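Asker: Structure in structure tokens, see below.
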Amino acid sequence: MASLRDIKGRINSTKKTSQITKAMHMVSNSKLRRAEENAKAFYPYMNKMQEAVTAIGGNSSESNHPMLQTRPVKKTGYLVITCDKGLAGPYNANILKSVTAKIKERHNNNPAEYGILVIGRVGRDFLRSRGYNVEGEIIGLSEQPSFKSIKDISQKAVSRFETGEYDELYMHFSHFISVLEQEVQERKILPISKEDVSGESSLSNYEFEPDQDAILEVILPQYAESLIYGAILDGKASEHASRMTAMKNATDNAKELIDDLSLQYNRARQAAITQQITEIVGGAAALE
């Protein structure tokens, strides 16, 4: 049986841990609000970009732009969005499980058939340590990332498709639904499917200058980059929500453990006091 000192030490260390997890929960809660605001503020831009692409691409059925053309797949690119820190519950694990399962399913882990561009230290370390073909990375992304901070890797992903190094490009990220629910998604970014540029648009009746193909040359890469940036903002909200939930669960578990240890400590202390009284009474009786 553990001594009173051991039990007391565990109670104190658990209390300190609960203070840390409670503080992390509060910090993540604050960051989540900001991340949600950033994601929601970006939605109008994405919607307008979608309208423009629909209006131009939908009316340009004979366009030869490479981002609209499906070609035989020799090499696939994967953009994986994770975070730089742990203690976020299953956030990173679910994303990495999704992308590794797809690589095994499609390529049988053959590094010549795929390339990975990864965002986040956790994803980079995991994939590299297991021998996956990581061809690009970005770490140290701020909690509130700007478009400029991710422009290099988004341009790299898009340009590798345009030059033919990748024949298709997928993105794996965690979609924020609510504080208690996040969903790992795989989204095909390139080539842009006909479904993405079909449908009605408020810009359909506009005339475009100089011509639709020239505009597509500029707007399609920007559209793909906006999808990547939107997914990163979405992923940041999911990360903070997952960490907030994990830290709340850790704090609740710590409180339960403290209660159990306190009960154990009181029982052990009562048993020690009872034993001391018994020894005193026994000693007094022996003196009589």
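The values are calculated or read from the model by the stated rules, or taken from the named source; none is laboratory data. Note that the structure is a prediction, hence the values are computed from the model and not measured. FYI the Cβ positions are ideal-geometry reconstructions off the backbone, even for glycines, and counts take in every protein chain you see. Accessible surface areas use protein heavy atoms only, side chains included; no ligands, DNA or RNA. Shrake-Rupley method; radii C 1.70, N 1.55, O 1.52, S 1.80 Å.
Asker: Which of the lysines could a cross-linker bridge to residue 22, judged by Cα under 22 Å and excluding same-chain residues fewer than eight apart?
Answerer: Straight-line reach from residue 22, under 22 Å: 8, 31, 85, 236, 248, 255.
Asker: Which number comes out as Rg/Rh for the range 100-149 once both Rg and the Kirkwood Rh are worked out on C-alpha atoms?
Answerer: Using only Cα positions, Rg/Rh for the range 100-149 is 1.06.
Asker: I would also like to ask the following. Computed over the Cα atoms of the range 1-52, what is the ratio Rg over Rh, Rh following Kirkwood?
Answerer: 1.52
Asker: Given points 7 Å out from each Cα along the Cα-Cβ axis, report the residue 48 to residue 29 separation in nanometres with one decimal.
Answerer: About 3.5 nm, to one decimal.
Asker: Express in nm, to one decimal, how much length is gained between residue 259 and residue 17 on full extension, taking 0.36 nm for each residue of separation and deducting their alpha carbon distance.
Answerer: Going from the current span to full extension adds 85.7 nm.
Asker: Which shape class applies to the chain: rounded if a/c is under 1.5, otherwise prolate when a/b exceeds b/c and oblate if not, where a ≥ b ≥ c are the square roots of the Cα gyration tensor eigenvalues?
Answerer: prolate
Asker: Mind checking the per residue accessible area of the chain for me, 1.4 Å probe, whole number of Å²?
Answerer: Roughly 55 Å² per residue, with all protein chains present.
Asker: Additional query: Tally Lys/Arg at +1 and Asp/Glu at -1 over every other residue whose Cβ is under 14 Å from the Cβ of residue 7; what's the total?
Answerer: The answer is +3.
Asker: What is the gain in length, in nm to one decimal, between residue 125 and residue 105 on full extension, counting 0.36 nm per residue of separation less the C-alpha to C-alpha distance?
Answerer: 5.0 nm
Asker: So what's the back-of-envelope 222 nm ellipticity for the chain, counting only DSSP H runs of four-plus at -39500 (n - 2.57) apiece and dividing by all residues, rounded to 500?
Answerer: So the helix-based figure for the chain works out to -22000 deg cm²/dmol.
Asker: Could you give each residue of the range 178-184 its phi-based ³J(HN,Hα) in whole Hz, using Karplus coefficients 6.51, -1.76, 1.60 with θ = phi - 60°, and x for Gly or Pro?
Answerer: 7, 4, 9, 9, 10, 10, 6
Asker: Could you work out how much longer the chain between residue 156 and residue 218 gets when fully extended? Use 0.36 nm per residue separation minus the Cα distance between them, nm to one decimal.
Answerer: 20.8 nm
Asker: What FRET efficiency comes out for the pair residue 143/residue 281, r = Cβ-Cβ distance, R0 = 51 Å, nearest 0.05?
Answerer: 0.20
Asker: A further question on this structure: In terms of modelled amide H atoms, which long-range or inter-chain residues lie less than 5 Å from the amide H of residue 184?
Answerer: Counting only residues 5 or more places away or on other chains, the set is 175.
Asker: Any idea how far the Cα center of the range 14-29 sits from the one of the range 266-288, in Å?
Answerer: The range 14-29 and the range 266-288 have Cα centres spaced 42 Å from each other.
Asker: Above 14 angstrom, tally the Cα pairs of the range 119-195 and express them as a % of all pairs, no decimals.
Answerer: 73
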